[in-house]
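Heads up, the thing below is written out as structure tokens.
Bear in mind that the values in this text are calculations on the coordinates, not laboratory data. Not measured: the values here are computed from a predicted model. Neighbour counts are summed over all protein chains in view; Cβ atoms, including those assigned to glycine, are modelled from backbone coordinates with ideal geometry.
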Amino acid sequence: MILGVTEPIELNTLSADQVLGLRKNMVNSSPQLLGGDYVPSPEVFSELKSGGYWYGLKGYAFYGRGENSVLGKAIESRLLLTPYLLVSPEFWGLTIWYEKNLKWDPNKVTEQDLDRSDFPYYPKAHSFIWHPSEGRAEISYHLSDYIQQLNRYAEKELTVAQASFSLISYNALDFGYRYMYAAMGESSNIVNPNDRGKAFKVLSGFFTTDGCGYAAGCNISYDLAGTPSTFFRVFRFSDLPAKLVVKLWREAPADINIAPDVRFEINFD
């Protein structure tokens with residue numbers, strides 16, 4: 001079953017009901033995967049500020065904190081409106097955040113560039129497939145191509161060695177998958193120095209923060225805000241192509257060899 005990955009849209013000043021209504025529409029567009037009525041999890045969405053502002057693509061990827069942080073389409077809408085993308089890589093190492101490897105070259109980036117639909121704000125998946133009968137999904141990214149695009153606008157050339165990433169998991173939690181394990185033994189060319197060999201509880205959701213630098217604050221997920229637990233689980237590449245296998249359970253597994261409720265495979269080349 002082939003699914004699309006939604007392009008970002010504007011969410012600024014929409015009510016919480018409007019935002020969740022958009023999400024419900026996307027959930028209900030693939031009833032084969034739902035298995036019942038969808039009710040947004042209060043654990044994930046109760047702190048969503050109705051009528052609030054959101055980190056925009058321009059703001060998050062280019063401007064950073066400040067009054068410009070809300071410019072552009074909402075970066076969180078990528079996953080809010082692609083609900084069956086249960087876990088998604090967030091490439092901290094290729095951004096102005098965390099390790100701060102990316103520095104945009106002001107001589108190469110124009111305002112017109114920032115408005116282009118193909119500007120390399122983030123890697124876009126080229127394939128997203130669910131296998132409902134197997135409880136398995138796979139998503140694929142042309143990471144090498146993305147890094148080449150990014151280097152057209154960067155001060156210094158970036159490489160796959162800098163493409164560290166964590167996993168955004170609020171979609172998994174919203175559907176009741178409370179435990180997760182990145183199965184390094186079943187993955188390839190991925191390194192996780194903090195692997196403890198056991199599943200961990202998914203802690204995620206939305207909140208409003210003034211940390212974005214916008215006076216009224218911004219809605220953002222704990223995943224994207226970068227909590228300490230996020231950075232404890234940062235993955236790196238030893239080479240490409242690579243695969244990360246993520247196992248998801250509704251209940252805490254006795255051990256990581258228990259068959260997962262969902263097996264999520266993330267491919268990179």
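DSSP loop (so not H, G, I, E, B), at most 13 other Cβ within 10 Å: list which GluC sites (Glu not before Pro) in the range 121-203 pass both filters.
When the GluC sites (Glu not before Pro) of the range 121-203 are filtered for loop state and at most 13 Cβ neighbours within 10 Å, GLU155, GLU157 remain.
Between the range 151-214 and the range 23-74, what's the alpha-carbon centroid distance in Å?
17 Å
Along the Cα-to-C-beta direction of ASP17, a point sits 7 Å from the Cα; which residues of the range 26-47 have their amide N less than 19 Å from that point?
It comes to 26, 38-42, 45-47, nothing else.
Is the range 131-227 best put as rounded, prolate or oblate by its Cα gyration tensor, with a ≥ b ≥ c the root eigenvalues, rounded for a/c under 1.5, and otherwise prolate when a/b is larger than b/c, oblate when not?
Oblate, because a/c is 1.5 or more while a/b does not exceed b/c.
Lys/Arg Cβ at +1, Asp/Glu Cβ at -1, dipole of the chain taken about the Cα centre: which of PRO89, TYR55, GLY36 is farthest positive-ward?
PRO89
Hey, rough spin-label estimate for THR159 and ASP261, points 7 angstrom out along Cα→Cβ, what's it come to in nanometres?
With each label point 7 Å from Cα toward Cβ, the separation is 4.2 nm.
Quick check on the chain: helices-only [θ] at 222 nm, where DSSP H runs of length 4 and up contribute -39,500 (n - 2.57) each and the sum goes over total residues. Nearest 500, please.
-4000 deg cm²/dmol
Greater than 24 Å separation of Cα atoms is the criterion. Which listed pairs, LYS100/LYS247; LYS156/LYS247; LYS73/LYS100; LYS73/LYS124; LYS49/LYS100; LYS100/LYS201, meet it?
Check vs 24 Å cut-off fails for LYS100/LYS247; LYS156/LYS247; LYS49/LYS100; LYS100/LYS201.
Under the Karplus relation 6.51 cos²θ - 1.76 cosθ + 1.60, θ = phi - 60°, what is the ordered set of whole-Hz ³J(HN,Hα) values for the range 195-203, x standing for Gly and Pro?
Taking θ as phi minus 60°, the curve returns 4, 9, x, 8, 5, 10, 6, 7, 10 Hz for the range 195-203.
For the range 40-104, just list the percent of Cα-Cα distances falling in each 5 Å bin from zero outward, please.
Spelled out per bin, shortest first, that is 4, 15, 19, 24, 21, 12, 4, 1.
Please report the projected area of the range 16-268's Cα convex hull averaged over all directions, in nm².
13.2 nm²
Please label the shape of the range 1-63 as rounded, prolate or oblate, based on the square roots a ≥ b ≥ c of the eigenvalues of the alpha-carbon gyration tensor (a/c under 1.5 means rounded; beyond that, a/b larger than b/c means prolate, else oblate).
Note, shape of the range 1-63 comes out oblate.
In terms of the Cα gyration tensor, with a ≥ b ≥ c the square roots of its eigenvalues, is the range 78-202 rounded because a/c is under 1.5, prolate because a/b exceeds b/c, or oblate?
Here the range 78-202 falls in the prolate category.
Convert each backbone phi in the range 12-24 into a coupling constant with the Karplus relation 6.51 cos²θ - 1.76 cosθ + 1.60 (shift: θ = phi - 60°), then list the ³J(HN,Hα) values in order as whole Hz, x for Gly and Pro.
Those phi angles translate into 3, 6, 5, 6, 4, 5, 5, 4, 6, x, 4, 5, 4 Hz.
Note down the magnitude of the dipole of the chain about its Cα centre, charges +1 on Lys and Arg C-beta and -1 on Asp and Glu C-beta and zero elsewhere, to the nearest 20 debye.
300 debye
Tabulate in residue order the Karplus-calculated ³J(HN,Hα) for the range 35-47, using 6.51 cos²θ - 1.76 cosθ + 1.60 with θ = phi - 60°, rounded to whole Hz; enter x for Gly and Pro.
These are the phi-based 3J(HN,Hα) values: x, x, 6, 8, 10, x, 6, x, 4, 8, 10, 5, 9 Hz.
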